Amino acid sequence: MFTQLRIQNFKSWADTGEFRMAPLTGFFGTNSSGKTAILQFLLMLKQTVESSDRNRILHLGGDQYSYVDLGTTYDISHNHQLPEKLKFSFEWVPKRINQRDLAMPVRNQRISEKKDLFLYSKYEHDSLRFESVLDIDEDRISVDFLNILSKQMIAN
């Protein structure tokens, strides 16, 4: 479960700021204030992870397996400004950290041409943080920055 989330340049949000999430989190606000955009972002992440297309950086929807259909890159960029940088970060505390379970290969030519990036954490109750910056253009999305840290690594 996510314990903290921040989204920048997504739909109606220039910047959500970092906000804490709990097992029960309520979103309150006036109409068109961006509550649904946060939920759509979370569903977009879920369908991206579950997508069988590993070459797609973000799965914006539009197929029978989608939780949400967000349209095009133009539709998800803040104020429909392209090119744009979509930035997001989230933290979570795994229930049990096992190195074998946490080996997470991330492949992208801009990160590394021939290497895989792996995440390992040896602390049982450690919080993990994922940060990413994606370049969004009319016809493509590419990874500009990707970082995965444990809370212990952040503190040191």
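Values for this structure:
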{"item": "Complete set of residues in the stretch 46-84 that are within 20 Å of Trp13 (Cα to Cα) and among the charged types (D, E, K, R)", "result": "Lys46, Asp69, Asp75, Glu84"}
{"item": "Those residues of the stretch 20-46 which are of a type in the set (A, V, I, L, M, F, W, C) and closer than 21 Å to Ser77 by Cβ, in sequence order", "result": "Ala37, Ile38, Leu39, Phe41, Leu42, Leu43, Met44, Leu45"}
{"item": "The lone exception for Tyr74 - which of (1) at pLDDT 90 or above; (2) part of a loop (DSSP other than H, G, I, E, B); (3) not charged (D, E, K, R) it fails", "result": "(2)"}
{"item": "Only one of Asn9, Asn55 that is in contact with a helix residue (DSSP H, G or I) (Cβ under 6 Å, 6 or more places away or on another chain), farther than 18 Å from Glu91 by Cα and either assigned to a strand (DSSP E or B) or of a type in the set (S, T, N, Q) (or both)", "result": "Asn9"}
{"item": "Thr48 vs. criteria at pLDDT below 95 and either more than 16 Å from Leu134 (Cα to Cα) or assigned to a loop (DSSP other than H, G, I, E, B) (or both)", "result": "no"}
{"item": "Qualifying residues in the stretch 1-51 (those that are under 21 Å from Gly71 (Cα atoms) and of a type in the set (Val, Ile, Thr)) - the one surrounded by the fewest Cβ atoms within 10 Å (Cβ to Cβ)", "result": "Val49"}
{"item": "Qualifying residue in the stretch 86-98 (condition: under 15 Å from the mean Cα position of the chain (by Cα), under 26 Å from Leu149 (Cα atoms), exposed (fewer than 14 other Cβ atoms within 10 Å of the Cβ) and modelled with pLDDT under 90)", "result": "no"}
{"item": "Test: Ile38 is among the aliphatic types (A, V, I, L, M) and over 21 Å from Leu128 (Cα atoms)", "result": "no"}
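The values are calculated or read from the model by the stated rules, or taken from the named source; none is laboratory data. Note that the structure is a prediction, hence the values are computed from the model and not measured. As a convention, Cβ positions derive from the backbone with ideal geometry for all residues, glycine included, and neighbour counts pool all protein chains shown.
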